[in-house]
Every structure is written in C-alpha cells, then in structure tokens.
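Asker: Have a look at this one.
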2 protein chains.
Amino acid sequence: MSSRAHFGFLAILATTVVVAPACADILVKEIGSFHIGGHEVVISGQPTKEVSFTAGMAPLQIDPNGAFEIEQMYVQYVKLAAPKFKYPLLLWHGGGLTGVTWETKPDGKPGWQMFFLNRGYDVYVSDAVERGRASWARYPEFFTSEPMFRPKKEAWELFRFGPPGSYDSSAANRRSFPDTQFPTEALDQFAKQGVPRWVTNDAPTQTAYDQLVARVCPCVIVVHSQGGNFGFNAALRAPDKIKALVALEPSGAPDPDKVDVGKLQAVPHLFVYGDHLQDSPPWPTLVKAPQRYRIALAGAGVKTEWIDLPEWGMKGNSHMMMMDRNSDQIADLVAKWLEQSAD
Amino acid sequence: MSSRAHFGFLAILATTVVVAPACADILVKEIGSFHIGGHEVVISGQPTKEVSFTAGMAPLQIDPNGAFEIEQMYVQYVKLAAPKFKYPLLLWHGGGLTGVTWETKPDGKPGWQMFFLNRGYDVYVSDAVERGRASWARYPEFFTSEPMFRPKKEAWELFRFGPPGSYDSSAANRRSFPDTQFPTEALDQFAKQGVPRWVTNDAPTQTAYDQLVARVCPCVIVVHSQGGNFGFNAALRAPDKIKALVALEPSGAPDPDKVDVGKLQAVPHLFVYGDHLQDSPPWPTLVKAPQRYRIALAGAGVKTEWIDLPEWGMKGNSHMMMMDRNSDQIADLVAKWLEQSAD
C-alpha cells in the first residue's frame, strides 16, 4: 500500500501548514499529579545498617527490610478552566526518557505540553514505570535485569542527529546532518534528560498504562518511540476509551497476525516519521513492524494516516521531532489531524 | 532563647488563621522545565551487549561505553501571566522524595505548588540530584555508595504518622496518633512517591542548588527535611539572592561555629515543626541542630521565627505537613509570614 493512500487530509494541509503562533496565556483550573498501578513487595532477612542521612545529623540504625511499593507510574496533569476539546490528551514518552520529553526542548523553548494546552486540551504527561518520578525498584530482586545508561554517541546516532560515525567527543568535531532540525548545540542538555532503563519491565509498564487509560479516558493519546507498542496495545485492550492514537516514530508494533485489529474501527491511527531513516541503521528495520501494522489496520477499515515528513516538505527531522526546531509545525500537523479525526 | 521570642507576627496570626479558600483558576504564561548543573563523565573498556529494546524489535548491539551527563538536577516552573510577588517561590523537597512532595497530596487534594500559584507566586519545583526526573548515575563508579529504599514502616515512624512500634503490615492494625493530620489511609499512595536515595551526594546536590539560585533568584525558598541543610547553605553562599527562607522540619543545620551567620542579616528565616516530636525518636535529637542554628541567627540579628504548630493550636501534624489534611492552613501561615518578611 502506498504511503500516500487516503491522503485527502494531507493534501490540504500541505498547502496550509504554518508555524503555530507564539504561546498565549492559558487559564488553568488545576495542576496536580498522581501515581497509578504498582503493588506491594516485601524484603526480609537483611541486616540493619548505620547511616548518616544529613550532614551534622547523628547516624541512624536503618532496617532495610519491610514493605515497598513498586511498578507504579507517575502522571502529571494540567486541567484548563475551559478546555476546547471533549477528551484530554495523554503524552507517552519513549525509552530511556521521561515526561520531560514533552515539557521542554533542549534549546529551552516550550514543549508539546504547552503547545497542546494552548490549543485547548487538558494534558496528562506521564513517567512510565521505572522512569523519573515513577521511581524504580531494587534489582535483581524485583527488576530482573541490569539498568542501561545511554551514551551521548548512541543518542546522536540512534536519534538521527547525524549519520553513523559522525559523533565525536568534541562538540566542534561532530558532523550533524546538514539539514538537521535538532538543536545539536544543546546535546548535553538533552543528555541530562535521559534516565536509566531496563528491558524487562514491559509487562508492568503496560499494566500501568492500561490502568491510566481506565482512570482518565476517553482520551486521545500521542506516543513516541518505545511508547508506540504501549499505545498500540492500550488501544487493543480499551478500543472504546481511545478516540485517536498518534504514534511518533514508534520503534515497534504488535504482530497483526496475533491481535484483532478489527476491534479498532473507531480508533484512527496517525503515524509520523522524520528524515534520514534510510541513512541510519537500525531504522530501515525498525520501521517495518509499524508499516506492517498500519497496513493491517487500513485493511481492516481503520482510518490511518502515515506522514513521512520529508515527503511533505519537512526536511531534517530527527527521532526527537518534538524537540526539533520546527516541532511546533509538527505539533500543528498532529493537532489538525486530531481535530479532524477524533469526534 | 524561648521559642516564643519575637512572636508579634504569630500573636496576630493565631487569632486570624483560616483555611485558604478553594482553588481559583490561575492565568498561566508558561509551564516548562530545565536541567541545571551536572557534568560529563566517560566510561570505557566495557564489552558490547546484544539487547532487545521493544517487543517485536530486532536485537541491537549496544556499546555501554561513552560519555554521559551526571549530577544534574531537574527544575519545573509555572510562570503566571501576572504574578503578585516580585520574587518567585522555590520548593525544595526532602530525602527519598522528589518535587511531587509539593504537587499533590496522597489523598489526591492539590499540593502547595497549586496553593502558592493561587496565592500569586511564580513557582519552581525541583527534583534534586539523583531523584526523579533529575536521573541518577551508575554506582559504585560515579555514585560511590549503594542506593537506599525506604520501607513503609520507616516512613510511618520517622515521619510521625504513628508512635514507635505502631506500624503493622496490615493497614487495619496500624495505630496512628489519634490526632494525626496525615491521611494514613493513603499510605500506599505516599509510598509510591518515594524514590531511592544515596547518602554520598550532598556535594553535587548543593552545587546544583547553588546553580539554581544563581539562575532564577532573587527568590524566596521553602525547604523540607533534608532540603533544610541545602537551603541554609545556599543562603550562606548567596545571601543577596535569597529574600526569605522557610524551613519545614529541617533534619539538620550548619554548625554556627563554622559558618558566618552574620552575612544573613537580610535573609529572614522561618522554622516550622509539627506535633509528636518528643514521642518519636530520633526527632528530639534531630531538632537540636536547627534550634542551635536559629539561636545563632537570632543572636546575629537575623529575623527568625520558630513555629511549633501544637503551641499555636494545630495538633497532630506529621513530618509531611504539606500533605496533612490541614496543609492549606500551614501554607497560609507560611504565606502570611513571607508576605510580611520578604520585601
């Protein structure tokens, strides 16, 4: 199936895309947060330790045994006084990252959270199980593998700021893609946003996302990268709760032979990909499962769109398109698609 | 020195304390965040690993070597369209916790972030080095000790939800202080807010806080528990930048014989303590350093107040007073003191 199929929506957009206006003030009803999911675990049989917690404070005898909560996720919300849309927007981050993905850009400019608040959505930004304010649990006792830390070189190449081999330990010697939209001068600021990840927590993460959907939806959801699979599966588990799903460069997708995509009739799916996929292993491989999934969705009569940004005149976008210099333009595309697709 | 000295302010307040009105809508200019502090470290000589990142995705060869950012902190801000106060308010959390301390209460009610936004302050909420969205670094390579995880029993007793020995693994059998203001039915939700902590990161944490002060102050700061020492030291390092300091149950304080409190002439200090200190080891010990520090401040002519909440008719407050049922009343006390003390 051609990626240009069903593109009436985009044919119109392609002539009307403009950068969103500067942020206006927003009237906010409440900013708050909660943790959802997780459960109690118990540790026993470990010796007490003597620990000084604060400089100048006497040491305390600390008993490490006891009960703990693990595998919860963190969700922050901003509710508008008068949202323009019936459904809130949920923003789900990718691997090795947190909700900060949506909150700011490495160059200091406002992120998609602020964009969609300005657009009139109540916005929920989450930190998945193990990440950021969701906290993490002892390993290997509870998390069964070692955490992984992403080096700057991996981020530079995997997120397509520059071609393979173009990272250098000296910022002056790094060769980004000449047309990159990522603010590569802010690589260190981006690296500070990274958090350790485990590869063995998909099940509790999916469970927590499903609980989030049950609590705050009906909703529309925007997922990124590793968040793609969690979003696709959340929609399969609660197709009545998710009114539209936007997947920004999902790094995977369910096998359509193993799930019933027919139940997604009422869940429009938008896929958005940036530039230089073919220049950047493993992207030519990573894109295959989402492509196959999209074809299966379309074949089952689900409304889908696949936006290849370079095809539509937007060059140089990285995997972190919500942080790219033209990120407001991409957010505007997504917002227009949502406004047309979700009832 | 009597804790009732210089209490003209409180003598008035004691007859006028009212619960703050329900939240009104706020006109927000911008919600955003940044990371501050931290630096690059390099790992070398480790073997590559084959890792599957996402279900259905082909395994990748991952090189764990390279450059990383560590010891940064995370700062989220909400800027009002028309703040009533000249200086923003910074909220610094305590040990084993994150900025979530200020964002919500375990019973789901709005936290102090929302209270002070309603009051008219721009508010900055941070996650200290190693906590939440600040991320954490490999140990023992970079963080030189093991992380610590706080059991529910430790939280229950150390934070004075109930007397020593009153925690039970069954919620039904826990005996809280009869007059406790903490929503003990929400202990699990509170436990989900906890994050691992290290006891060897005071120096980089202080550095990051000092950098935060240099970036966003002049300001007023509210610190809690372990945050107390960081706040006291930040004021000593930048007395011109901090217009008032509120310490909620600081768990330590500088030795006044080793610092020059005389430079704090223009930095009013408020200390606030809850109930059942004498019933709850180690609090009778922990309170001594802040008491001694406050006496030294007052002796040097620094404006100080020491609010012992039970003395002023507020019974049953825990160490987590910003989460207690009457937390708005305490926030109101703090707000009134700030309005009177900071120019």
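Asker: Under a crude label model (7 Å from the Cα following the beta-carbon direction), how far is B:ALA81 from B:GLN211 in nanometres?
Answerer: 3.5
Asker: Where Lys and Arg each count +1 and Asp and Glu each count -1, what net charge lies around A:ASP324 among other residues with Cβ under 14 Å from its Cβ?
Answerer: Counting the neighbours of A:ASP324, the net charge comes to -2.
Asker: How large is log10 I(q)/I(0) at q = 0.12, 0.20, 0.23, 0.27 Å⁻¹ when the Debye formula is applied to the Cα atoms of segment B:177-245, each weighted equally and without solvent?
Answerer: -0.47, -0.85, -0.96, -1.15
Asker: On C-alpha positions alone, give me the angle between the axis of helix A:327-341 and the longest principal axis of chain A, in degrees, nearest 10.
Answerer: Taking Cα atoms only, the helix is inclined about 70 degrees.
Asker: Further, regarding this structure: Taking H as built 1.01 Å from N, whose amide H comes closer than 5 Å to the amide H of B:LEU90, not counting residues under 5 places away?
Answerer: Here the answer is B:TYR124, B:VAL220, B:ILE221, B:VAL222, since their amide H atoms fall under 5 Å of that of B:LEU90.
Asker: Could you tell me what percent of the DSSP beta bridges with both partners in chain A are antiparallel, to the nearest 5?
Answerer: In chain A, DSSP labels about 50 percent of beta bridges as antiparallel.
Asker: How large is ³J(HN,Hα) for each residue in segment A:119-132, as worked out from phi by the Karplus curve 6.51 cos²θ - 1.76 cosθ + 1.60 (θ = phi - 60°), to whole Hz, x for Gly and Pro?
Answerer: Residue by residue, segment A:119-132 yields 6, x, 9, 5, 10, 10, 10, 10, 10, 5, 2, 5, 10, x Hz.
Asker: Within 10 Å of each Cβ in A:68-74, how many Cβ atoms from other chains are there, averaged over the peptide? Please list the in-between numbers first.
Answerer: Working: counts 7, 9, 3, 1, 5, 1, 7.
The shielding value for this peptide is 5.
Asker: Can you list residues whose amide H is under 5 Å from A:GLU30's amide H, if they're 5+ apart or on another chain and H is modeled 1.01 Å from N?
Answerer: A:LYS79
Asker: What does the charge add up to near B:PHE68, with Lys and Arg as +1, Asp and Glu as -1, over the other residues with Cβ less than 13 Å from its Cβ?
Answerer: Neighbour charge sum, excluding B:PHE68 itself: -2.
Asker: Using alpha-carbon positions, what is the distance between the centroids of segment B:207-251 and segment A:241-293, in Å?
Answerer: Value for the Cα centre distance between the two parts: 47 Å.
Asker: Does anyone have the angle between helix A:288-299 and the longest principal axis of chain A? Alpha-carbon axes, 0 to 90°, nearest 10?
Answerer: 60
Asker: Amide H of B:THR304: which non-local residues (sequence gap of 5 or more, or other chain) have their own amide H closer than 5 Å, using H built in the peptide plane?
Answerer: B:HIS269
Asker: Per residue of A:30-41, what is the mean number of Cβ atoms on other protein chains within 10 angstrom of that residue's Cβ?
Answerer: The per-residue average across the peptide is 6.
Asker: Using a label position 7 Å from Cα in the Cα→Cβ direction, what is the ascending list of nm distances from B:GLN61 to the same site in the other copies?
Answerer: 5.4
Asker: If you take the Cα atoms of chain B, find Rg, then find the Kirkwood Rh from the mean of 1/r over all pairs, what is Rg/Rh? Don't skip to the answer; put the middle values down first.
Answerer: On the way: Rg = 21.0 Å, Rh = 21.2 Å.
Using Cα coordinates only, the ratio equals 0.99.
Asker: Calculate, for B:GLU40 and B:ALA266, the FRET efficiency according to 1/(1 + (r/R0)^6) with r their C-beta to C-beta distance and R0 35 Å; round to the nearest 0.05.
Answerer: E between B:GLU40 and B:ALA266, to the nearest 0.05, is 0.40.
Asker: Considering only segment B:86-244, what is the antiparallel percent among its DSSP beta bridges, to the nearest 5?
Answerer: Among the beta bridges of segment B:86-244, antiparallel pairing accounts for roughly 20 percent.
Asker: Right, something else. Could you check what % of the DSSP bridge pairs in the protein assembly as shown are antiparallel, to the nearest 5? If you can, show how the numbers build up before the last one.
Answerer: On the way: 51 of 95 bridges.
Taking every DSSP beta bridge with both residues in the protein assembly as shown, the antiparallel ones total about 55 percent.
Asker: So, one more: List B:MET320, B:MET314, A:MET148 from most exposed to least, where exposure is judged by having the fewest other Cβ atoms within 10 Å.
Answerer: Final ranking by Cβ density, sparse to dense: A:MET148, B:MET314, B:MET320.
Asker: Assigning unit charges at the beta carbon (Lys, Arg +1; Asp, Glu -1) and nothing else, what dipole magnitude in debye, to the nearest 20, does segment A:204-317 show about its Cα centre?
Answerer: Numbers: 11 positive and 11 negative charges, 76 e Å.
The calculation lands at about 360 debye.
Asker: Could you work out the mean count of beta carbons from other protein chains within 10 Å of each residue's beta carbon in A:245-252?
Answerer: Per residue, the number of nearby Cβ atoms from other chains is 2 on average.
Asker: Longer than 30 Å from Cα to Cα, which of A:LYS109/A:LYS153; B:LYS152/B:LYS241; B:LYS105/B:LYS336; A:LYS153/A:LYS263 are they? Say none if no pair is.
Answerer: Among A:LYS109/A:LYS153; B:LYS152/B:LYS241; B:LYS105/B:LYS336; A:LYS153/A:LYS263, the Cα-Cα distance tops 30 Å for B:LYS152/B:LYS241; A:LYS153/A:LYS263.
Asker: Averaged across orientations, what area in nm² does the convex hull of the alpha carbons in the protein assembly as shown project?
Answerer: 29.2
Asker: Copy-to-copy spacing for B:ASP257, label 7 Å out on the Cα-to-C-beta vector, in nm, shortest first?
Answerer: So the distances to the same position in the other copies read 7.8 nm.
Asker: Provide an ascending nm list, one decimal, of label-point separations from B:SER169 to the equivalent residue in each further copy; define each label point as 7 Å from Cα along Cα→Cβ.
Answerer: Output for B:SER169: 5.1 nm, nearest copy listed first.
Asker: Can you pull a Stokes-Einstein diffusion coefficient for segment B:245-343 at 25 °C (0.890 mPa s), Rh from Kirkwood over Cα pairs, as a whole number of µm²/s?
Answerer: 174
Asker: If you wrap segment B:23-169's Cα atoms in a convex hull and average its projection over all directions, what's the area in nm²? Working shown, then result.
Answerer: Numbers: hull surface 56.2 nm².
Directional mean of the projected Cα hull area for segment B:23-169 stands at 14.1 nm².
Asker: In degrees between 0 and 90, to the nearest 10, how far off the longest principal axis of chain A does helix A:202-216 point, with axes built from Cα atoms?
Answerer: 70
Asker: If you don't mind, another one. In segment B:233-279, which trypsin sites (Lys or Arg not before Pro) fall in coil by DSSP and have 12 or fewer other Cβ atoms within 10 Å?
Answerer: B:LYS258
Asker: Using a Debye calculation, one point per C-alpha and no hydration shell, please list log10 I(q)/I(0) for segment A:85-218 at q = 0.12, 0.16, 0.21 Å⁻¹ in order.
Answerer: Values, matching the q order: -0.59, -0.95, -1.23.
Asker: If I model segment B:221-301 as equal point scatterers sitting on the Cα atoms and use the Debye formula, what is log10 I(q)/I(0) at q = 0.12, 0.19 Å⁻¹?
Answerer: So the normalised log intensities work out to -0.31, -0.75.
Computed from the coordinates by the stated procedures, all read-outs in this text should not be read as laboratory data. Keep in mind that this is a model prediction, so the values were computed, not measured. Methodologically, a virtual Cβ is constructed for each residue, glycine included, from the backbone with ideal geometry; neighbour enumeration extends over all protein chains shown.
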